[in-house]
């Protein structure tokens, strides 16, 4: 899966802002560091398991916590139709 | 048959070629004798695109979709094409009521129906000749070399309030209705979301990325406020003094 190309991100002093050029999602998403890391990974084709693996390399957090966080972020991104499965 | 005219808006001179006369009547204050740098022309497909867009935006805001005439929709198509082109010169289309007071630009931004036009009108009444309305709905705003400049344009909103002039913007205020008149200075992070929501978003991802950067630069270059305004004409002077007091401190 991958972030759809019409979704654009911008770094605002450490916060990531994401908007859609397609017009289907008219709002914007504000991501903290963890969510921004996941969004940045999704700019290339990647699987859920690969995202979890990279998160575990970066953060010293139990796997079940990382998995839950990843699934939460993916759910939000799917809700705004940001992901090409 | 087509209608043509050359206009200068926000420092850009261009030829507009349309199917209907409406846009040219709208642009009459911006007629130019200069040589156009580019051409904007419209098609029936552009008009249908604007019809669908207007309908989907009304549905999104929970409003009843109005039936707009083709000539009016065509003027929206011209505005869209112009807004896309203006980005080449670091110029965004911003939803705000903009005025100049003592030659300094102020922009009041908020969702439609909050009271931007009313508050600007109060400023105009309170400050008289010191105050010039620039654009009451969708001004072009150029962001370059640390300066933010707001320009009048033909797209002035339903009250048709504005002038063919410009001013350097020192203050952007996000307007809210309030029980009493207050101004709270805010920083770029607090303001950015609303500023972005009130800025035209092109459908081209590269241009959209540029808009995100320009909005940040705009926020960095001006004083930013949340203002809470009553529907009292005195709100103009109270809000002005409240903002001035906080900007004079820095």
Hey, got the Cα dimensions of chain B along the principal axes, in Å, largest first?
57, 41, 37
At what distance in nm do the modelled label points of residue B:213 and residue B:32 sit from each other, each positioned 7 Å from its Cα along Cα→Cβ?
2.5 nm
Evaluate region B:139-210: find the radius of gyration of its Cα atoms, find its Kirkwood radius, and give the ratio Rg to Rh.
0.99
For residue B:52, placing the label point 7 angstrom along Cα-to-beta-carbon and taking region A:20-34, residues whose amide nitrogen sits under 11 Å are none
Distance in Å, no decimals, from the C-alpha centre of region B:137-170 to the one of region B:226-248 is 21 Å
Over all viewing directions the Cα convex hull of region B:49-91 casts an average projected area in nm² of 3.4 nm²
Over all Cα pairs of region B:79-148, how is the pair count split among 5 Å bins, expressed in % and running from 0 up to the last occupied bin?
3, 17, 23, 21, 18, 12, 5, 1
Two-site label geometry, residue B:220 and residue B:206: point separation in nm, points 7 Å out along Cα→Cβ
2.3 nm
In a Gaussian network model of chain A with springs linking alpha carbons closer than 10 Å, the residue among A:40, A:60, A:13 that fluctuates most is A:13
Enter the mean projected area of the convex hull around the alpha-carbon atoms of region B:28-71, in nm², rounded to one decimal.
4.8 nm²
Between residue B:232 and residue B:112, how many nm apart are label points set 7 Å from Cα along the C-beta direction?
3.1 nm
Take the protein assembly as shown, drop everything but the C-alpha atoms, weight them equally and run the Debye formula without solvent; then report log10 I(q)/I(0) at 0.14 Å⁻¹ to two decimals.
-1.16
Candidates B:182, B:48, B:17: whichever shows maximal mean-square fluctuation once chain B is modelled as a Gaussian network with Cα springs under 10 Å
B:48
10 Å Cβ neighbours from other chains, averaged over peptide B:202-215
4
Over chain A, what lengths in whole Å, largest first, do the semi-axes of the equivalent ellipsoid take, defined as the square roots of 5 times the eigenvalues of the alpha-carbon gyration tensor?
21, 14, 11
Quick one: grab Rg to one decimal and Dmax as a whole number for region B:1-149, Cα atoms only, in Å.
16.7, 47
Of the convex hull enclosing the alpha-carbon atoms of region B:61-201, the direction-averaged projected area in nm² is 9.8 nm²
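We did not get these values from a lab; they are worked out from the coordinates using the rules stated. Computed from a predicted model, the values in this text were never measured in an experiment. In this analysis, Cβ positions are derived from the backbone assuming ideal geometry, glycine residues included, and neighbour counts consider all displayed protein chains.
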